[in-house]
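Trainee: My questions all concern the structure below.
The values are calculated or read from the model by the stated rules, or taken from the named source; none is laboratory data. What you see is a predicted model; the values in this text were computed from it and never measured. As a convention, Cβ positions derive from the backbone with ideal geometry for all residues, glycine included, and neighbour counts pool all protein chains shown.
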């Protein structure tokens, strides 16, 4: 079930990339989980292996960035991790952008 705090503000995809952008503040765990679930639905070969929770401690993502990390900063904090055959990038700035890139 979608978290009421998470408001999707932008979404686009290509054959190899899925991008979702959420307003801040957002529940990072929910945003990453929703985006990964959508990638699994879009690219069926991802459903043949274990879920995201088998690869990443997603609960730890929620406390990753403090608001001060992005206030008046010239760079955007980010995290990258592997999920099955995909690279997931989490960019935290004025919004939260999650990018799932798959190898083809």
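Trainee: Output yes when any residue across the stretch 51-71 is modelled with pLDDT of 80 or more and either closer than 11 Å to residue 98 by Cβ or crowded, with 16+ Cβ neighbours inside 10 Å (or both), and no when none is. Write out each step before concluding.
Mentor: Going residue by residue through the stretch 51-71, those that are modelled with pLDDT of 80 or more are none.
No.
Trainee: Can you report the number of residues in the stretch 16-41 which are in contact (Cβ under 8 Å) with a residue 60 or more places away in the chain, under 17 Å from residue 80 (Cα atoms) and in contact with a helix residue (DSSP H, G or I) (Cβ under 8 Å, 6 or more places away or on another chain)?
Mentor: 6
Trainee: Residues being modelled with pLDDT under 90 and either surrounded by 12 or more Cβ atoms within 10 Å (Cβ to Cβ) or under 15 Å from residue 102 (Cα atoms) (or both): count how many of those fall in the stretch 10-33.
Mentor: From the stretch 10-33, those modelled with pLDDT under 90 are 10, 23-33; that's our starting set.
Now drop any that are not either surrounded by 12 or more Cβ atoms within 10 Å (Cβ to Cβ) or under 15 Å from residue 102 (Cα atoms) (or both), which leaves 23-24, 26-33.
Summing the residues that are modelled with pLDDT under 90 and either surrounded by 12 or more Cβ atoms within 10 Å (Cβ to Cβ) or under 15 Å from residue 102 (Cα atoms) (or both) in the stretch 10-33 gives 10.
Trainee: Could you look through the stretch 77-86, keep only residues that are in contact with a strand residue (DSSP E or B) (Cβ under 7 Å, 6 or more places away or on another chain), surrounded by 14 or more Cβ atoms within 10 Å (Cβ to Cβ) and more than 16 Å from residue 31 (Cα to Cα), and pick out the one that is modelled with the lowest pLDDT?
Mentor: Filtering first and then ranking leaves 77.
Trainee: In this structure, is residue 46 outside any loop (DSSP other than H, G, I, E, B) and under 11 Å from the mean Cα position of the chain (by Cα)?
Mentor: Values: outside any loop (DSSP other than H, G, I, E, B): yes; under 11 Å from the mean Cα position of the chain (by Cα): no.
When the stated conditions are applied, residue 46 does not pass them.
Trainee: Starting from residues that are modelled with pLDDT of 85 or more and over 22 Å from residue 9 (Cβ atoms), keep the ones in the stretch 87-104 and report whichever is nearest to the chain's Cα centre (by Cα).
Mentor: Taking the candidates together, the pick is 87.
Trainee: Cβ contacts < 6 Å: first residue farther than 12 Å from residue 25 by Cα, restricted to the stretch 1-15; second residue at pLDDT 90 or above, any location; separation 6+ or different chain. Result?
Mentor: Filtered contacts from the stretch 1-15: 9/21; 10/21; 11/20; 12/19.
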